[in-house]
Amino acid sequence: MNLSRRDLRRKASVITWKFWVWLAAVLVLSAVALAVWLVRQAGSDHATEEREAVRRAMREAGLTEAEWAFLHVWDNRVWVVLGTDGEGVRWMVWETPEGYVREREADLVSEAELRSIILNEDPERKILRIVPGWFQGEPVWEVRYRTGPDGERQAIDFYSARDGTKRKTYDLPGL
């Protein structure tokens, strides 16, 4: 069988299986790079604000080292920073809109002590989280928990960080 002139001049197809593999690899790598960038971008504002809160706490409260920082949002946005000073004393610093409150960690009710107080009050509570915060002008521990016969009721309690007394309870209906 003889090929026509047109068939002889026909070039091989540029789009081969190697092209599709290469294109798929480029698209997958681009999607992964975009996902990584989006995740980093989403947390960058919070991370920047956290670093700045730690710097302010170190400058204003005399800390030389910071262990962690936590943003508590209730009535106001308040950063809580735990760190040590030059003598190795651990301090908790609350950065409120009105200023800074600095308390020795040893003078405060610890998270473990508070957990014990709460479970002595009601052993049926299932504590979901305990975080430091600011409530009604004083440092507190915010405790979120489940309780009730089937563990359906959720609530938030605020306990004074200074003496462990309960300040207020908020029921969270429907959660």
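The values are calculated or read from the model by the stated rules, or taken from the named source; none is laboratory data. Computed from a predicted structure; not experimentally measured. When we count neighbours, we look across all protein chains shown, and the Cβ atoms used for this are built from the backbone with ideal geometry, even at glycine.
Kindly indicate whether any position in region 36-57 is in contact (Cβ under 8 Å) with a residue 40 or more places away in the chain, closer than 20 Å to ILE130 by Cα and part of a helix (DSSP H, G or I). No: region 36-57 contains no residue that is in contact (Cβ under 8 Å) with a residue 40 or more places away in the chain, closer than 20 Å to ILE130 by Cα and part of a helix (DSSP H, G or I). Summed over region 153-168, the residues that are surrounded by fewer than 11 Cβ atoms within 10 Å (Cβ to Cβ) and either within 15 Å of ASP75 (Cα to Cα) or touching a helix residue (DSSP H, G or I) at 6+ places or on another chain (Cβ under 8 Å) (or both) give a count of 0. Look at (1) touching a Gly at 6+ places or on another chain (Cβ under 9 Å); (2) assigned to a strand (DSSP E or B); (3) exposed (fewer than 14 other Cβ atoms within 10 Å of the Cβ) and you find that GLU113 fails only one, number (2). Apart from one condition, ALA106 fits all of (1) surrounded by 13 or more Cβ atoms within 10 Å (Cβ to Cβ); (2) touching a Lys or Arg at 6+ places or on another chain (Cβ under 9 Å); (3) of a type in the set (A, V, I, L, M, F, W, C); the exception is (1).
A residue that is of a type outside the set (Asp, Glu), within 21 Å of ARG90 (Cα to Cα), without any contact (Cβ under 8 Å) to a residue 40 or more places away in the chain and in contact with a strand residue (DSSP E or B) (Cβ under 6 Å, 6 or more places away or on another chain) occurs somewhere in region 140-150. Has region 65-87 got at least one residue that is farther than 28 Å from THR48 by Cβ, in the same structural domain as ALA47 (by TED's automatic domain parsing) and not basic (Lys, Arg)? Yes, region 65-87 has at least one match. Considered as a group, the residues in region 118-175 that are among the charged types (D, E, K, R) and outside any strand (DSSP E or B) include one that is farthest from ARG102 (Cα to Cα), and that residue is ASP150. In region 22-75, the qualifying residues are those that are among the small types (Gly, Ala, Ser) and within 19 Å of the chain's Cα centre (by Cα), and the one that is modelled with the lowest pLDDT is GLY43.
Taking the conditions (1) without any contact (Cβ under 8 Å) to a residue 24 or more places away in the chain; (2) over 21 Å from the mean Cα position of the chain (by Cα); (3) not in a helix (DSSP H, G or I) in turn, TYR100 satisfies each one other than (1).
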